[in-house]
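Shown next, in structure tokens, is the structure this report addresses.
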Amino acid sequence: IECVATSKASHQLASGLGIRVTTLEKHPYLDVTVDGADEFDPNFQLIKGGGGAMLVEKIVASSSRYMVVIADQSKQVETLGKFPLPVEVVPFGVNATAWKIERALKLLNLKGKLVLRLKNGKPFVTDSGNAIIDVSMGAIPDPGRLSMYLNNIPGVVDDGLFIDICGIVLMGTDDGVKKLVKKAA
């Protein structure tokens, strides 16, 4: 078994445990991605990015035949939006990009509070060298449409919405693990 790590920290941890780590460049098509989620809904749509690696996580997950999410029952929601939506943006013109995000939210009749993610008092920097704006907006009625709007904004690299990528959730409950499988469309 060879694995593709989705962050520098995961790479170091896996290597230190003796797990063979490869790259997506050497293996552009993967069998399975196993990862967590900050939220998931009944349609297997996810919010990810609380740890700040959602761009690489999305690249890896979308390069996999299957994506399996492991999460506890507190991550299950009826409608995404309880967890702030991370939006990865290039460092140039962060305030201009934030303004465009606010404008897109208004077009979708959504209201949101945008906060530049900080670490030790300075802007958080992803492994890809970008910043993250966390958008708290409550319920997201149409995650696919929101993602489309966000990803068409110059300066936005990607968002933490994982749409049509996850197919299996292994959910920890008080009674053990419950396997949820997305039905084929």
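Taken together, the values in this text are just the output of simple stated rules run on the coordinates, not laboratory data. From a predicted model like this one, the values you see are computed outputs, not experimental measurements. Here the Cβ positions follow ideal geometry from the backbone for every residue, glycine too, while neighbour counts run over all protein chains shown.
One chain, two ends: Phe92 and Asn109. Fully extended at 0.36 nm per residue, the span grows by 3.4 nm beyond their Cα-Cα distance.
Here the gap between Glu25 and Asn43, fully extended at 0.36 nm per residue and compared with their Cα-Cα distance, gives a gain of 3.4 nm. In the structure displayed, which of Lys48/Lys75; Lys8/Lys58; Lys8/Lys82; Lys82/Lys111; Lys48/Lys82; Lys8/Lys113 lie more than 18 Å apart, Cα to Cα? Correct reply: Lys8/Lys82; Lys8/Lys113. Collect residues whose amide H, placed 1.01 Å from N in the peptide plane, falls under 5 Å from the amide H of Thr22; neighbours closer than 5 in sequence don't count. Excluding prolines and chain starts, which carry no amide H, the hits are Cys3, Val4, Ala5.
With a cut-off of 20 Å on the backbone N, the residues of region 23-44 near the modelled label site 7 Å out from Val181 along Cα-Cβ are 31-35, 41-44.
Counting only Cβ charges, +1 for Lys and Arg and -1 for Asp and Glu, the dipole size of the chain around its Cα centre is about 340 debye.
Largest GNM mean-square fluctuation across Ser15, Ser64, Ser147, computed for the chain with C-alpha springs under 10 Å, falls on Ser15. With a cut-off of 11 Å on the backbone N, no residue of region 49-89 is near the modelled label site 7 Å out from Glu102 along Cα-Cβ. Positive end of the dipole of region 1-160 (Cβ unit charges, origin at the Cα centre): among Gly18, Gly50, Gly36, the Cα lying farthest that way belongs to Gly50. With 0.36 nm allotted per residue and the present C-alpha distance subtracted, the Ala14-Ala139 stretch has 41.4 nm of extension available. Taking H placed 1.01 Å from N in the peptide plane, check which residues at least 5 places from Leu30 or on another chain put their amide H under 5 Å from its amide H. When sequence neighbours closer than 5 places are left aside, the close amide H contacts are Ser64, Arg65.
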